[in-house]
1. Rank these for me by crowding, B:Glu188, B:Glu266, going from fewest to most other beta carbons within 10 Å.
2. Can you put A:Thr332, A:Thr208 in order, fewest other beta carbons within 10 Å first?
3. Less than 16 Å from a label point 7 Å out along the Cα-to-Cβ axis of B:Lys146: which backbone N atoms in the range B:185-212 qualify, by residue?
4. Give me the compactness ratio for chain B, meaning the Cα radius of gyration over 2.2 N^0.38 Å.
5. Could you work out Rg/(2.2 N^0.38 Å) for the protein assembly as shown, with Rg from alpha carbons only?
6. Once whole DSSP H runs in chain A are found, which of them have Cα atoms spread over 30 Å or more along the helix axis and a mean Kyte-Doolittle score of at least 0.5?
7. Expected output is a single nm value to one decimal: the length gained when fully extending between A:Ser322 and A:Val340, i.e. 0.36 nm times separation in residues minus the C-alpha distance. What is it?
8. Cα centroid distance between the range B:197-217 and the range A:154-220, in Å?
Amino acid sequence: MSEQFTSPDESRKIRSSVLIIVLITLMLCFFLVNLLLGPVKIPVRNIISILFGYDNNSGVWQSILFDFRLPKAITAVVAGASLAVSGLQMQTVFRNPLAGPDVLGISSGASLGVALVILGFGRFFAFNNSTVLSSWLQIIAACIGSGVVLFLVLFISLRIRDIMTILILGILFGSAANAVVNILQYFSNQSMLKAFVVWSMGSLGNLTASQLQVLCLSLLAGFLLSVSSMRVLNVLLLGENYSRSMGVNIKFTRFLVFLSTSILSGSITAFCGPLAFVGIVVPHLARMIFKTADHRVLIPACFVLGAVLMLLADLISQLPGSQSVLPINSVTAILGIPVVIWVIIANRRLVSVS
Amino acid sequence: MKETDTPILKLEDLQIGYSRSSSRKVSCVYGPLNVDIQEPEMIGIIGRNGIGKSTLLRTLTGIQPALKGRMFIYGSESRKISRSAMARLISYVSTETLHIPNLQVADLVTLGRFPYTTWFGKLNQRDTLIIEDAIEHTGIQHLRYKPVYKLSDGEKQKVMIARALAQDTPIIFLDEPTAFLDLPARHEILRLLHDLTRKKSKLIVFSTHDLSIAMDEVDKLWLMTGEGLFEGAPEDLLINQGFRKLFGNSDMEYDTRSMAFKFSREFKRSISVLGEPPYSTYTSKAMERIGFRTTQGETAEYTITIASENNAMQWKVTGRDGISTFGSIYALTSFFMKER
């Protein structure tokens, strides 16, 4: 960008817009590749014609595309986007670079709900992971589990002022929920254990179209809340005292941000299982790439970057050319951990978020 | 906005401190305070560590609730002023140091417009003008595109003052704006606050430990002592011995000759210093450090005569043992230290 002709402010804006456009293009490419890959080979030409409704004759391909690949790709996009956005919000509110969507203990709460269903009550009715009924049951259990933790966190956020105390309490809730999950695991039989472990590895591919609709609706509410708090998040970077002196209602703002994060990460955990690292890593990548602290840029940036990363992780998990699929959680962790290490070592100066 | 006889800031029996809602335990840090400020002026709060300077400033800003008493801003009770209206009346600069990656100086100053912008934070022409004005008045134009974490402490403080100016409030409270700064920066910051009081007619209240610099710049000092708050022009407080109450039993006293506070010394011997100022003043200062009461002209045990010889200063000591000559104050004092 020619800085002789544009002011640094303008060139920064142009840079951000160009980067966003590049990332969106990348997202669309990965999305298409995601639709292309799979055990059954469907040519690109046919995929496009099926997608736009020109081709109604190839029934099997149509059902593969609309029942499996498209829901899965869309799930990858929304899952990556919502985890990244909620991670960004948590890092800003807690002023802690290692905060993520799980720090409030919400995904642990969801795990507890699912563990209760699969491990606790599984013995009373033959639990089958593949039926629609049991998948809805898991989702509802996860929602209740994360909902309980959410209300605990919101309650303390209105009572307790010190943000560090809230952080520690959130971690304690998570540990308590995990402890109960461990006890349940200890007393359950092999097949139930396997079902739970498979859930805890995360999956993007188990959603039906109607489940995807429910997921997207609740995520929309979460995204609206986070977009409405963009400007306040910028002020929160300066800390509590400055925010108060500029007229920010700290408790109300925290309530809104926690609510949005809980909806975003809670529903993703409920529908896809606990997906690790995307929420911590993507905000750091977004800050490095976009070189800004402005949440009006960072929130859309995290949305697109999270989607790109999740699509990429899904592509890798399918092991192109082979029939088997890796658990998505392991792929995001293997992709994510080097980035976290890099953040900690290379940017010691920048490691603090605010 | 300002009417005659309506004070800008008025405190009525204000008590500050901390209360715990759970245990109903109240710990009052300071008060009751009664203060009445009519004019935009620069006020320095002086007090020993832990007396409650920061608590007072946080309470006045509205970050922390008062325990008892009332506070009026332009005649309206602070509790009845809404959060957003308060943010347009009072801005605050704290001692916190910020390490925000990627945040540029201009971005930080722009955040000061928060109380005036709509949900997306779009700036209008007036916002831009006020931001430019704030940057200009604090002299940070050259830092505009620098990341905040790369600034020196003094520059950071100026940027935070610019942010407060961008908030465009008639009242600014600052908590120890001179902490962590080097000597020139301390002078610079307090001079800047002084100029802002005059040019932009703002009420500026700040806490500081730099009493001697503050005494040169402020209109009024608030001394927070164990016996209550004493206010007045710095010179009034010198006349009515207000500072005595501040320092209590410690041996601080104001030396009217050097116009500075000094820790009083015990002198065991006396010496007479003859020569031109400033050499005589400097020599006296050094001799006092090693325990001599200095006199001028009167006869004492020793006499130091300062004179220039061949364009170099020489210190000649006349005593019982004869005459010795020294080329520097250090050599002079070393001689007496060895002798003892």
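Read-outs throughout are calculated quantities, based only on the coordinates presented, and are distinct from any laboratory measurement. Since we're looking at a predicted model, the values are computed, not measured. Note that each Cβ is placed from the backbone with ideal geometry, even for glycine, and that neighbours are counted across all protein chains shown.
1. By the 10 Å Cβ count, ascending: B:Glu266, B:Glu188.
2. Ascending number of Cβ neighbours within 10 Å: A:Thr208, A:Thr332.
3. B:185-186, B:188-189
4. 1.27
5. 1.29
6. In chain A, the long hydrophobic H runs are A:8-36, A:70-94, A:132-159, A:163-186, A:250-272, A:295-317.
7. 3.5 nm
8. About 54 Å separates the Cα centre of the range B:197-217 from the one of the range A:154-220.
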